[in-house]
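Read-outs throughout are calculated quantities, based only on the coordinates presented, and are distinct from any laboratory measurement. Note that the structure is a prediction, hence the values are computed from the model and not measured. Positions of Cβ are backbone-derived with ideal geometry, glycine not excepted, and every protein chain shown enters the neighbour counts.
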Amino acid sequence: MMTQRALLIDTTLCIGCNACQDACKTQNHLPEGEEKKLTATAYTALEEHDGIYVRRMCQHCVQPTCASVCPVGAFEKTPEGPVLYDESKCIGCRYCIQACPFQVPKYEWSSNYPRVQKCRFCADRLKKGLPTACAEACPTGATTFGTRDELIREAQRRIAAEPTKYVNKIYGVQEVGGTSILYLSGVPFEQLGFTTKLENMVLPMYTWNALSKIPSVVSVGGVFLYGIWWITNRRTEVERMERELRGLDKNHQNPQNN
């Protein structure tokens, strides 16, 4: 079994330079420019709370709720740690957006072919044995890359070594069953905009408990949503074929163009 990779974000070390976002945008071919909030073109963003910079991104939950609610399996938790999204499977139901306890996934509302967008945890880099682009770019060590177990131990070591510097808590160890993005802070996490009243129970357990009570409804709903997806994609394919046929007819009628 592959050890899951993770990030440790130490808010006491962040200087707000935005190197993480710049590196993320370059890695994912996103439009340049600083963005203060997560958007469809910003997979990571820096918020400022009374002079303290807090980095936001997908938490890559150990057992992601987005994957548990997706009726077509467009989300997948990989062995390396990233929670990845397959746009070819997506039917646009946006259940993932509603279910995410951290309000992370963003929808491309302005696009004719909208997708759900969020951090991909540099999955391609991880497969090559490289750290995430954001961790590599961080000049102060505010973002550290490693295995989840190693980073939890490192966070515990920092708290023990400087108990007056840190709050005695590692955010992400237990929240919603644990996440792959861990945080350290020098002030209570709620002061930095973190949701601190999340259940420690794995949220997909609630999903499966609910689904087990209504199997027929879920089955019908899943078939219905798949039908919508099939019809939409079939319509696109038919339109493409019609355009190609019109092009062939035009060439036959005007052979001098050949």
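Quick notes on this structure:
- Taking every alpha-carbon pair in segment 87-141 and binning the separations at 10 Å intervals from zero gives 20, 36, 32, 13, 0 percent.
- Of all lysines in the structure, those lying under 23 Å Cα to Cα from K127, and not within fewer than 8 positions of it along the same chain, are K25, K77, K89, K118.
- Gain upon complete extension [T195, A161; 0.36 nm per residue less C-alpha separation]: 9.6 nm
- When each of the peptides 30-36, 96-102 is scored by how many other beta carbons lie within 10 Å of its residues on average, the order from highest to lowest is 96-102, 30-36.
- Within straight-line reach of K165, meaning a Cα separation under 13 Å, sit the following aspartates and glutamates at least 8 residues removed in sequence or on another chain: D10.
- Segment 68-210: proportion of alpha-carbon pairs further apart than 19 angstrom, %: 61 percent
- Straight-distance crosslink candidates among aspartates and glutamates, where the alpha carbon sits under 15 Å from K106 and sequence neighbours closer than 8 are dropped: E35, D86, E87
- Gain in span if fully extended, T147 to V187, counting 0.36 nm per residue against the direct Cα distance: 11.9 nm
- Part-to-part distance (alpha-carbon centres) for segment 1-79 and segment 117-151, which is given in Å: 10 Å
- Scoring 85-94, 13-22, 155-164 by mean Cβ neighbours within 10 Å over their residues and listing the highest first yields 13-22, 85-94, 155-164.
- Kirkwood-type radius of segment 1-124, with distances r between different C-alpha atoms, in Å: 15.3 Å
- Gain on full extension, evaluated as 0.36 nm per residue between L84 and N28 minus their Cα-Cα distance, stands at 18.8 nm.
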